[in-house]
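The values are calculated or read from the model by the stated rules, or taken from the named source; none is laboratory data. Every value quoted in this text rests on a predicted model; they were computed, and no experiment measured them. Neighbour counts are summed over all protein chains in view; Cβ atoms, including those assigned to glycine, are modelled from backbone coordinates with ideal geometry. Areas reflect the complete protein model, heavy atoms only, side chains present, ligands, DNA and RNA absent. Shrake-Rupley method; radii C 1.70, N 1.55, O 1.52, S 1.80 Å.
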Amino acid sequence: MPDTLGELSAVELSAAIRDKKVSAREALADHLERISEVNPAINAVVTLDPEGAQALALRADQLTASGAALPPLHGLPMTHKDTNNTAGMRTTQGSLALRDFVPAADDLIIARLKAAGVVSTGKSNVPEFGAGSHTFNDLFGTTTNPYAPTLSAGGSSGGVAAVVAARVQSIGDGSDMGGSLRIPASFCNVVGFRPSTAVIPMPSDANAYAWLGRTGPMARSVEDIALFMSVTAGKDPRVPHPTGLDPEVFRASLETDMRGVRIGWSRDFGIGVPVEAEILEYLERQLAVYEGLGAVVEEATPDFSEADLVFGNTRALDFAAGLGPILERAGDVIKPEVHWNVEKGFALTARDLIETAAARSRLELSVQDFFGRYDLFASPCAQVLPFDATLRYPSDIAGVPSETYLDWMRSACLLSATGLPVLSVPAGFSSTGLPIGLQLATNHYADMQLLRYGRAFEQQTGYAAVAPVMTAEAAPLTTASA
């Protein structure tokens, strides 16, 4: 066994617990000790329930001793993203407006993780209401990057990415509307997966038909991503999407033959999206990994010219529907970026919605034309390297000024607009040692094939095995200034 059980993958740790090499209580003790070691530097865990977790771990060990069949994630300790409701445990969404909110029921993704045997230990930090890809809020402060604790960990699943990278836990639950699983994965050298629509259903009283936001996993290996999906995927009667994927899909082999696989690569999504030069230079060299496996890599992209419109209006509509009532009650304590997005949603006209639907239809035709010629789309995951964590967001990207808090996230938002499954895989480090992620996408519901393509790259590179060096001198930041 390694010095810290946090070094083990979820596959390895769950097997060790099932085989009685490690108890659930020992796994929990290691998890809690690791939080005490690293959280002062990264401020990623914002709510902790050690007593409740110890009771759950004890019950897990009693189940092990009973000889009963054990669930797939039996005894695995895990903090959860603070935008995902956890029954009986505070869920604030990073907002002063919800600082004391304790949900009565779990969100579906949490309920399925618990049913799979997870020992819930606490909550990880998020930007307020998950708005933006940098994790800071007025309630808990700023989460920083384990690889450079003065820089951003990304967001909105920044707390999840940080604890997975820092070896607190092997996997975690997140969510993604505009890159919230992928950008923090890129910043923190882990894997982030945004599944196809309703593969992990998201029941909602505000809009059961919403399609832009997703829940999904982060991990340090694609194998762990598949394990997570195998216990969280599957239909739910509260979500009326006609398609989805059976969880059994994710229990199939991850092996694949890359020979003859056609990959379309784009530096700028064909519409001049600015990306820092070092990221582009590095990723273009990394594409040789796929060529070495026999894949064909060419410059090619779907037509993303209307994707900004589709994303921006759909996001604004979802924000207005979901957060409008909260702003009416407690708008004075909610950050301006949320106000801006909600107000944009309420300002949409019937003409705007008609144009958005037509633009989405044209975008889908372009996507299908692309996948008629290619198997995989590759692009930069993040447009910038991890930046100064005291900022609200980067003021410019490769010399291009940011007009809104979303501009630096376009590399992820454009793919969100397509509805495709998207994966961020660790692709190495900059000249200053900062993580860089490669973003991969396949056609709708080819989720498992996407994981296979990511796994092929991972097996050749192994970048996620490079752990951050955490130092006791680092201190968490408490604010993010304009």
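Key figures
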| item | result |
| --- | --- |
| Enumeration of residues in region 50-70 that are in a helix (DSSP H, G or I), open to solvent by 30 Å² or more (accessible area, probe 1.4 Å) and not basic (Lys, Arg) | Pro50, Glu51, Gln54, Ala55, Leu56, Leu58, Gln62, Leu63, Ala65, Ser66 |
| Tally, over region 285-304, of residues that are within 24 Å of Ala417 (Cα to Cα) and exposed (fewer than 15 other Cβ atoms within 10 Å of the Cβ) | 2 |
| Qualifying residue in region 108-120 (condition: at pLDDT 95 or above and assigned to a strand (DSSP E or B)) | yes |
| Selected residue (criterion: nearest to Phe377 (Cα to Cα)) from residues of region 236-254 that are assigned to a loop (DSSP other than H, G, I, E, B) and in contact with a helix residue (DSSP H, G or I) (Cβ under 7 Å, 6 or more places away or on another chain) | Leu254 |
| Yes/no for Arg99 being surrounded by fewer than 21 Cβ atoms within 10 Å (Cβ to Cβ), out of contact with any Ser or Thr (no Cβ under 9 Å at 6 or more places or on another chain) and basic (Lys, Arg) | no |
| Within region 329-447, helices (runs of 4 or more DSSP H) holding 1 or more residues that are open to solvent by 60 Å² or more (accessible area, probe 1.4 Å), in contact with a helix residue (DSSP H, G or I) (Cβ under 8 Å, 6 or more places away or on another chain) and at pLDDT 95 or above | 336-347, 350-371 |
| Considering residues of region 138-154 that are farther than 22 Å from His31 by Cα and in a loop (DSSP other than H, G, I, E, B) only, the residue least open to solvent (accessible area, probe 1.4 Å) | Gly154 |
| Looking only at region 121-137, and only at residues there that are part of a loop (DSSP other than H, G, I, E, B) and not small (Gly, Ala, Ser), the one that is nearest to Ala68 (Cα to Cα) | Asn125 |
| Filter result (of a type in the set (A, V, I, L, M) and either crowded, with 24+ Cβ neighbours inside 10 Å or within 8 Å of the chain's Cα centre (by Cα) (or both)) within region 199-227 | Val199, Ile200, Met218, Ala219, Val222, Ile225, Ala226, Leu227 |
| Answer residue from region 240-271, given it is closer than 24 Å to Ala219 by Cβ and touching a Pro at 6+ places or on another chain (Cβ under 9 Å) and is modelled with the lowest pLDDT among those | Gly244 |
| Any hit, region 266-277, residues being loosely packed, with under 14 Cβ neighbours inside 10 Å and farther than 23 Å from Ser416 by Cβ | yes |
| Filter result for Val102 (in contact (Cβ under 8 Å) with a residue 40 or more places away in the chain, at negative phi and either among the hydrophobic types (A, V, I, L, M, F, W, C) or not in a helix (DSSP H, G or I) (or both)) | no |
| Phe129 being surrounded by 19 or more Cβ atoms within 10 Å (Cβ to Cβ) and over 19 Å from the mean Cα position of the chain (by Cα) | no |
| Unique match (being more than 26 Å from Gly331 (Cβ to Cβ), in contact (Cβ under 8 Å) with a residue 24 or more places away in the chain and assigned to a loop (DSSP other than H, G, I, E, B)) among Ala161, Ala198, Ala210, Ala185 | Ala198 |
| Qualifying residue in region 38-49 (condition: in contact with a strand residue (DSSP E or B) (Cβ under 9 Å, 6 or more places away or on another chain), open to solvent by 50 Å² or more (accessible area, probe 1.4 Å), within 28 Å of Gly213 (Cβ to Cβ) and assigned to a helix (DSSP H, G or I)) | no |
| The lone exception for Ala24 - which of (1) open to solvent by 60 Å² or more (accessible area, probe 1.4 Å); (2) of a type outside the set (Lys, Arg); (3) within 15 Å of Val118 (Cβ to Cβ); (4) in contact with a Ser or Thr (Cβ under 8 Å, 6 or more places away or on another chain) it fails | (1) |
| Residue check for Ile326: touching a residue at least 40 places away in the same chain (Cβ under 8 Å), buried (at least 20 other Cβ atoms within 10 Å of the Cβ) and either closer than 19 Å to Asp138 by Cβ or out of contact with any helix residue (DSSP H, G or I) (no Cβ under 7 Å at 6 or more places or on another chain) (or both) | no |
